[in-house]
Structure formats: C-alpha cells, structure tokens
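Undergrad: Dropping a structure here in structure tokens format, bear with me for questions.
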Amino acid sequence: MDDIELDDPRVLTLAKAHQQVIHESVWHVGDAPPWEDLTEAQKKAALIEARDWLRAADRTGLLAA
C-alpha cells in the first residue's frame, strides 16, 4: 500500500471523516471548519495526512488484506 495515491477514494473518505470528527470535537470548537470550508491547501494537507495514516495502518496490520 505504500504506493497509494492521493486520489485513492479511501484517502478522501478518511480525510473527510477525520475533518468531521475534528469539527465536532469539543477541543476544536470554532477552530476546525467542516471539509467544505477548508481551503484547497488545507484539503491537500489533509489528504496527505490521511494517506500517511492509511500507510501506517497497513504496516501495522490494522487493515484487512
């Protein structure tokens, strides 16, 4: 999975879900917008982070084969 691309649908799904969790978190009240309100640069950063989390999950065996 190390060759996973940013346009992989799993990356977008994870990035959006993570942003929603942050948006709803009491630790980020008024601090974290929903996905739709992120800038393009923020979305790109979130996609890169989501891809890296997928890679880490795969390396540790957390993802089903």
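The values are calculated or read from the model by the stated rules, or taken from the named source; none is laboratory data. Remember, it's a predicted structure, so these values are computed and weren't measured experimentally. Glycine also receives a Cβ, built like all others from the backbone with ideal geometry; neighbour counts cover every protein chain displayed.
Undergrad: What's the number of the only condition in (1) of a type outside the set (D, E, K, R); (2) in contact with a His (Cβ under 8 Å, 6 or more places away or on another chain); (3) outside any loop (DSSP other than H, G, I, E, B); (4) modelled with pLDDT under 95 that Pro33 fails to meet?
TA: Failing condition for Pro33: (3).
Undergrad: Also: Within the stretch 22-42, identify whether any single residue is within 11 Å of the chain's Cα centre (by Cα) and of a type in the set (Val, Ile, Thr), and answer yes or no.
TA: Yes; the residues of the stretch 22-42 include at least one that is within 11 Å of the chain's Cα centre (by Cα) and of a type in the set (Val, Ile, Thr).
Undergrad: Quickly run through the stretch 33-55 and pick out the residues that are surrounded by 12 or more Cβ atoms within 10 Å (Cβ to Cβ) and more than 18 Å from Thr13 (Cβ to Cβ).
TA: Answer for the stretch 33-55, where residues must be surrounded by 12 or more Cβ atoms within 10 Å (Cβ to Cβ) and more than 18 Å from Thr13 (Cβ to Cβ): just Pro33.
Undergrad: Now a separate question. Cβ-Cβ below 9 Å, separation at least six or inter-chain, first residue in the stretch 36-50 and modelled with pLDDT of 95 or more, second surrounded by 10 or more Cβ atoms within 10 Å (Cβ to Cβ) and hydroxyl-bearing (Ser, Thr, Tyr): which pairs?
TA: Hits for this filter: Ala50/Thr13.
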